[in-house]
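Have a look at the structure below before the remarks.
The values are calculated or read from the model by the stated rules, or taken from the named source; none is laboratory data. None of these values were measured; they are calculated from a predicted model. All Cβ positions, glycine included, derive from the backbone under ideal geometry; neighbour counts span all protein chains shown.
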Amino acid sequence: MTSPLLALPGAVSGNGVDAPVAAHYGSFNVEQRALEAGEGFVDLSHRDVVRISGPDRSTWLHAITTQHFLALEPRQWTSGLVLSPQGHIEHAFTGYDDGEAFLAHTEPGAAAGLLGYLERMKFMTRVELADVTADLAVTWRPRGYDLVPRDRLTAYAEAAGPAAGLWAFEALRIARGEPRVGLDTDVRTIPNEVGLIGPAVHLDKGCYRGQETVARVHNLGRPPRRLTLLHLDGSENRLPAHGADLFMGDKSVGFVGTSARHHELGPIALAMLKRNVPVDVTVMVDGLIAAQEVIVDPEVGLHFRPAR
């Protein structure tokens, strides 16, 4: 769905899956600084939204996902994953329960796959599933996400401004080391590799599909790969192509995910690297030199961000 906010002054549409919303409204650097100062909002209305209702929804979601749903407070935002039996990430979502249903948003175009899996897992459970993307739009403010009635999105923008584009939002997200599932991950990614233990995986809950892999890597450490922040050579006015191979010498050691231009850090990107790549070596991606900043510890699989 193309956002009506592309009609705002200065709006320039994004690229690829992000084309339906604004990449920027004239200056992504100014927009980044405004968001960091706690001002403005970001239009994420191209994201898909699903509704899960019924009296069994909390216990059912608790049983089939990585998150703890039994003690969730009303309108408390949380994130969860659906894993394969081998622990690979298949689906990711973020949402809250409003007392009548759990409302969750996911990547653009991902609702169909998520709902397809959930439908297969219903059995005799009293839950109902619906794609409500046509009714609800996702936005983000420095205090977090919002779900807005889609027919009120323009009025919301007038009240919540100034508008910041997706380029500003993505630059700050990448700098925080937060991956976009499907863009910064691949079909082999496990939560331990990308820092999602805690934010999307609860370690003190009952069994769920893929838990054995998550628990083993968490307890023994050494995930096969690790998410890292790349500080890219800024001498060339370009960013690496999504999915480009990373090289250490002539050896392929990973791939780059999303990238952006940060108003202070310069060009940055998230990348998946093999665990045995030393953290202090530079790598090459798409002809650009890149230095590493640790997000996931390669030795023990701990998920922390060392102080800059």
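Some observations on this one:
- When the criteria are applied in full, E170 fails the requirement of being out of contact with any Lys or Arg (no Cβ under 7 Å at 6 or more places or on another chain), surrounded by 14 or more Cβ atoms within 10 Å (Cβ to Cβ) and without any contact (Cβ under 8 Å) to a residue 60 or more places away in the chain.
- Residue count for the range 249-258 satisfying the condition of being part of a loop (DSSP other than H, G, I, E, B) and on the phi > 0 side of the Ramachandran plot: 1.
- Those strands (runs of 3 or more DSSP E) lying entirely in the range 259-304 with at least 1 residues at pLDDT 95 or above and either out of contact with any strand residue (DSSP E or B) (no Cβ under 9 Å at 6 or more places or on another chain) or at positive phi (or both): 266-274
- Within the range 107-166, the residues that satisfy the criterion of being under 16 Å from the mean Cα position of the chain (by Cα) and either surrounded by fewer than 19 Cβ atoms within 10 Å (Cβ to Cβ) or closer than 26 Å to I64 by Cα (or both) are E107, P108, G109, A110, A111, L114, V138, R141, P142, G144, Y145, D146.
- Whether a residue is assigned by TED's automatic domain parsing to the domain that holds P142, at pLDDT 95 or above and of a type outside the set (A, V, I, L, M, F, W, C) was assessed, and H62 does not pass this test.
- Only residues that are of a type in the set (A, V, I, L, M, F, W, C) and under 22 Å from V201 (Cβ atoms) were counted in the range 22-75, giving 10.
- Residue ID - surrounded by the fewest Cβ atoms within 10 Å (Cβ to Cβ), chosen from residues in the range 1-55 that are over 23 Å from S79 (Cβ atoms) and acidic (D, E): E39
- Members of the range 196-223 found to be surrounded by fewer than 16 Cβ atoms within 10 Å (Cβ to Cβ) and of a type outside the set (A, V, I, L, M), listed by number: G198, D204, G206, C207, E212, R216, N219, G221, R222
- Hey, E236 out of contact with any Pro (no Cβ under 7 Å at 6 or more places or on another chain) and of a type in the set (D, E) or not: yes
- Qualifying residue in the range 289-303 (condition: among the β-branched types (V, I, T), more than 30 Å from H68 (Cβ to Cβ) and within 23 Å of the chain's Cα centre (by Cα)): no
- Lone qualifier among L61, L83, L114, L103 - being under 22 Å from G195 (Cα atoms) and in contact with a Gly (Cβ under 6 Å, 6 or more places away or on another chain): L83
- Hey, A307 assigned to a strand (DSSP E or B), farther than 20 Å from N29 by Cβ and either modelled with pLDDT under 95 or in contact with a strand residue (DSSP E or B) (Cβ under 7 Å, 6 or more places away or on another chain) (or both) or not: no
- Residues in the range 91-106 that are charged (D, E, K, R) and crowded, with 17+ Cβ neighbours inside 10 Å: D97 alone.
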